[in-house]
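Please read the structure below before turning to the comments.
The values are calculated or read from the model by the stated rules, or taken from the named source; none is laboratory data. Note that this is a predicted model, so its numbers are computed, not measured. As a convention, Cβ positions derive from the backbone with ideal geometry for all residues, glycine included, and neighbour counts pool all protein chains shown. Just so you know, the surface numbers come from the protein's heavy atoms only, side chains and all, with ligands and any DNA or RNA stripped out. Shrake-Rupley method; radii C 1.70, N 1.55, O 1.52, S 1.80 Å.
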Amino acid sequence: MKALITGAGSGIGREFARILASRGWDLIIAARSTDKLNALKDELSGVSVRVITIDLSREEDAFDLYEHLSDENIDMLINNAGFGAYGEFADVPLERELELIHTNVCSLHILTKLFLRDMIERDSGTVLNVGSMAGFSPGPKLSAYYASKNYVVRLTEAIHEELRRKKSNVKVSVLCPGPVNTNFNDVANVSFSVKGLDPRFVAEYALKKTEKGKMVIIPGKLMKAAKFFERFLSEKALTKTSYDIQNSKSGK
């Protein structure tokens, strides 16, 4: 079995790699940092680990990645690469937002579509897209990030239903965690008041639910409760609440 993991250099992506390697999966790990990927490769033993340095804020890199691997059977694609940018919409640099959109949305879309077509042809394979609890609501002060994760969630849900209707054996899921103890805070320039989940727990939980064909995966009781109570808020109330939550994070 072979898995391709983007954003594998740290956080949840790194834990996905560790878990799958321990299960005997061969890995292709991709991220911007060659040093982090090589360190992870050196850590893993007993399986084949291939390192690909890539910048998914450039859409052409997503196409190149697929072309490089198109002759191989990728049994699992984990689209984990992504980041956030904190601040008022008018103040966040446009170039930074475009990098975010290309990484979180465009490259994820490209890789999902191209590898999914191959999986459908074989009638086997799994795609796990890493979304966020941000994908269920608006996010003032993290507007582009929240919007990008809304895209990831809704895209994955739609694909899941299409495959279900065709009785396909291909599985597609979206992971929607709340705060996780990763370097997301540093990249987005925020601090969370809620204690983050352990990335190992999140990765293990996600893989277990993905194997069972779960469409939307929400780890942690607190986030499950938050998702449940969101349905009782109007869009206006939800937006106001989201603003208060984001405002309390305040850029570092």
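Just for the stretch 1-46: of the residues that are among the β-branched types (Val, Ile, Thr) and touching a helix residue (DSSP H, G or I) at 6+ places or on another chain (Cβ under 6 Å), which one is nearest to VAL180 (Cα to Cα)? By that ranking, first place goes to ILE12. For ASN73, the criteria (1) in contact with a Lys or Arg (Cβ under 8 Å, 6 or more places away or on another chain); (2) surrounded by 16 or more Cβ atoms within 10 Å (Cβ to Cβ) hold in every case but one, which is (2). State whether the residues of the stretch 16-29 include one that is free of Cβ contacts under 8 Å to residues at least 60 places away in the same chain, in contact with a Ser or Thr (Cβ under 8 Å, 6 or more places away or on another chain) and open to solvent by 50 Å² or more (accessible area, probe 1.4 Å). Within the stretch 16-29, one or more residues are free of Cβ contacts under 8 Å to residues at least 60 places away in the same chain, in contact with a Ser or Thr (Cβ under 8 Å, 6 or more places away or on another chain) and open to solvent by 50 Å² or more (accessible area, probe 1.4 Å).
With the structure loaded, tell me whether VAL105 is of a type outside the set (Asp, Glu), closer than 20 Å to TYR151 by Cβ, modelled with pLDDT of 95 or more and in a helix (DSSP H, G or I) or whether it fails that test.
Spelling it out, VAL105 is indeed of a type outside the set (Asp, Glu), closer than 20 Å to TYR151 by Cβ, modelled with pLDDT of 95 or more and in a helix (DSSP H, G or I).
Listed by first and then second residue, the pairs linking a residue in the stretch 124-145 that is over 29 Å from LYS236 (Cβ atoms) and of a type in the set (D, E, K, R) to a residue that is open to solvent by less than 30 Å² (accessible area, probe 1.4 Å) and at pLDDT 95 or above, with Cβ atoms under 7 Å apart and 6 or more places separating them unless they lie on different chains, form an empty list. When the test is whether a residue is of a type in the set (D, E, K, R), touching a Cys at 6+ places or on another chain (Cβ under 9 Å) and open to solvent by less than 40 Å² (accessible area, probe 1.4 Å), LYS149 passes it.
Select, from GLY9, GLY13, the only residue that is in contact (Cβ under 8 Å) with a residue 40 or more places away in the chain and touching a strand residue (DSSP E or B) at 6+ places or on another chain (Cβ under 7 Å).
Working: GLY9 fails: in contact (Cβ under 8 Å) with a residue 40 or more places away in the chain.
Matching residue, one of GLY9, GLY13: GLY13.
I'm trying to understand the selection: among the residues of the stretch 46-86, which are outside any strand (DSSP E or B) and among the basic types (Lys, Arg)? Even if it seems obvious, please write down each step before you answer.
As a first pass, look at the stretch 46-86 and keep what is outside any strand (DSSP E or B): 46-48, 54-75, 80-86.
Hit for the stretch 46-86 is ARG58, nothing else.
Scan the stretch 58-74 and tell me whether some residue there is touching a residue at least 60 places away in the same chain (Cβ under 8 Å) and closer than 30 Å to GLU230 by Cβ. The answer is no; no qualifying residue exists. Being open to solvent by 60 Å² or more (accessible area, probe 1.4 Å) and not in a helix (DSSP H, G or I) is the filter here; which residues of the stretch 30-45 pass it? Matches in the stretch 30-45: ARG32, SER45. The set of residues in the stretch 5-15 being surrounded by fewer than 24 Cβ atoms within 10 Å (Cβ to Cβ) and assigned to a strand (DSSP E or B) is empty.
Output the residues belonging to the stretch 124-136 that are in a loop (DSSP other than H, G, I, E, B) and either of a type in the set (A, V, I, L, M) or surrounded by fewer than 21 Cβ atoms within 10 Å (Cβ to Cβ) (or both). Working first, answer last.
First, pick out the residues of the stretch 124-136 that are in a loop (DSSP other than H, G, I, E, B): 124-125, 131-132.
Residue satisfying the conditions is SER124 alone.
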